[in-house]
C-alpha cells in the first residue's frame, strides 16, 4: 500500500456565501445546513456572508476569498436558477482557472431521484481558482444537502479514495502542506 492509501482527514477552511434577495441570516436554512455539515465533518468555517443577487458583489466577495491564504473552499448557495436575478454562475465562472465539469453533471444526476426532470434547471458548477475550490449550489436546503452528502463530504475528505480535492488546495496556517 502507498502512503496515499493511509491519508488522514485534513480540516479545511471553508467560506459559505448565501446569495438571496429575500433571506436574512436568521432565515438562511441553506447556508446554515452547509455550516452544520462542514463543522460536524471536522472542517472550519472561515467566514459566512449573505449577499443580494448582484453579479458584481458576488464576484467581488468570491475573488476576495480566492485571494486569501486562509480560505481553501468557497461554498455558494443560491442564484443558480433561471430567473432574471440569478447570476451566480456568471459571477463565478470567469474567476475559475479550471472548471470541474463533472460537478454539475453529478449534482444533476443525483438530484433526479428527488426532483425529477426539474434538475435540468440547476446550473450547479464548481472549479478551482488559486488553489481554492469554488462550488455553486442551488438555494434550496434540500439541494445543498444533496450536494454536501452526495459529493462534497467525500471530495473534501483527504482520506477518500481513489481521489479527492484536498491535494489541489492551497495550504493555510490551519491546514499545513499535505506533502
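If you take the Cα Rg of region 27-174 and divide it by 2.2 N^0.38 Å, with N the number of residues, what do you get? Intermediate values should be presented prior to the final figure.
Numbers: Rg = 14.3 Å, N = 148, 2.2 N^0.38 = 14.7 Å.
The value comes to 0.97.
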| For 43, 168, what's the fewest-to-most ordering of other Cβ within 10 Å of each Cβ? | 168, 43
| task | For region 40-103 and region 112-131, write down the distance between their C-alpha centroids in whole Å. | result | 14
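How high is the relative contact order of region 85-168, given as a whole-number percent (alpha carbon pairs under 8 Å, six or more residues apart)?
Values: 94 pairs, mean separation 20.2, N = 84.
Relative contact order of region 85-168: 24 percent.
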| query | Considering only region 75-152, what is the antiparallel percent among its DSSP beta bridges, to the nearest 5? | reply | 70
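Going highest first, how would you order 121-134, 15-28 by mean Cβ packing within 10 Å? Write down the numbers at each step before the final one.
Numbers: 121-134: 21.1, 15-28: 17.6.
With the highest mean Cβ count within 10 Å placed first, the list reads 121-134, 15-28.
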| query | Between residue 60 and residue 45, what length comes free when the chain is fully extended (0.36 nm per residue of separation minus the Cα-Cα distance, one decimal in nm)? | reply | 3.5 nm
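Sorted by mean Cβ packing within 10 Å, highest first, what order do the peptides 104-115, 147-158 take?
My ranking of the peptides, most packed first, is 147-158, 104-115.
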| said: Using the basic label-point model (7 angstrom from Cα toward the beta carbon), what is the residue 8 to residue 83 distance in nanometres? | reply: 4.6
| Taking every DSSP beta bridge that has both residues in the chain, what percent is antiparallel when rounded to the nearest 5? | 30
| Relative contact order for the chain using alpha-carbon pairs under 8 Å, separation at least 6, rounded to a whole percent? | 27
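Read-outs throughout are calculated quantities, based only on the coordinates presented, and are distinct from any laboratory measurement. In this text the structure is predicted, and so the values were computed from the model without any measurement. Cβ atoms come from the backbone with ideal geometry, glycine included; neighbour counts cover every protein chain shown.
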